[in-house]
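None of the figures in this text is laboratory data; all of them are computed from the coordinates on show. Computed from a prediction, not measured in an experiment: that's the story for all the values here. Note: ideal-geometry Cβ built from the backbone for every residue, glycine included; neighbour counts use all protein chains shown.
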Amino acid sequence: MNLSKIKAQFRVIAVFAGLLPTACAFLEGPSPANPLIGNWATPDHNLVTFRTDAVVVTPDKGQAVTMGPGDCNGVYKLQYGHMATAALQQSFPSQPDLQGKLKQLLVNPDYPVADVTCDRGGTTYLMLDDRRLIAVYRDAGVGGVEAYSRL
């Protein structure tokens, strides 16, 4: 094999090596969509809309508010992910009724979640299945729960 053929083969290999990461990314496909993204409503017609970068809360017969640092005394954080539920079921020792309700609702070891911190409180939204979501509110050690359905 002469030197020009070897150089030509290395150029071909270099081109394929440059395309390999792109080809692998194409084979992987797009990253899965966040299952919580979209609109959810309570039986009382309160709405919550999850976007990739924000949460919009619309009370029944009220104005929509996009949550952010301005609404939360400068302390606002939105995280999407999965959450193990065992600790959450034990989070409200002074409210055994709420603990019992959470144990009844949260039968799987983990769920997709959106966790919103606002000022000194927050809300953890857990997606129970494709159509049902619960919001677990927490503020100064006191909690509450509310059910939502996908719109």
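Scan the strands (runs of 3 or more DSSP E) fully inside region 108-151 and keep the ones with 3 or more residues being in contact with a His (Cβ under 6 Å, 6 or more places away or on another chain).
Working: elements: 110-118, 121-127, 132-139, 142-150.
Once the strands (runs of 3 or more DSSP E) in region 108-151 are filtered for at least 3 residues that are in contact with a His (Cβ under 6 Å, 6 or more places away or on another chain), nothing remains.
Screening LEU102 against (1) closer than 20 Å to ASP44 by Cα; (2) touching a strand residue (DSSP E or B) at 6+ places or on another chain (Cβ under 8 Å) leaves a single unmet condition, (1). Scanning region 55-70 for residues that are in a strand (DSSP E or B) and farther than 16 Å from ASP44 by Cβ turns up VAL55, VAL56, VAL65, THR66.
Each row is one residue, and each column tells you yes or no for (1) without any contact (Cβ under 8 Å) to a residue 60 or more places away in the chain; (2) closer than 17 Å to VAL142 by Cα.
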{"position": "ALA84", "(1), (2)": "yes, no"}
{"position": "PRO93", "(1), (2)": "yes, yes"}
{"position": "ASP97", "(1), (2)": "yes, yes"}
{"position": "PRO112", "(1), (2)": "no, no"}
{"position": "CYS118", "(1), (2)": "yes, yes"}
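Taking the conditions (1) more than 23 Å from THR58 (Cβ to Cβ); (2) within 18 Å of the chain's Cα centre (by Cα) in turn, LEU102 satisfies each one other than (2).
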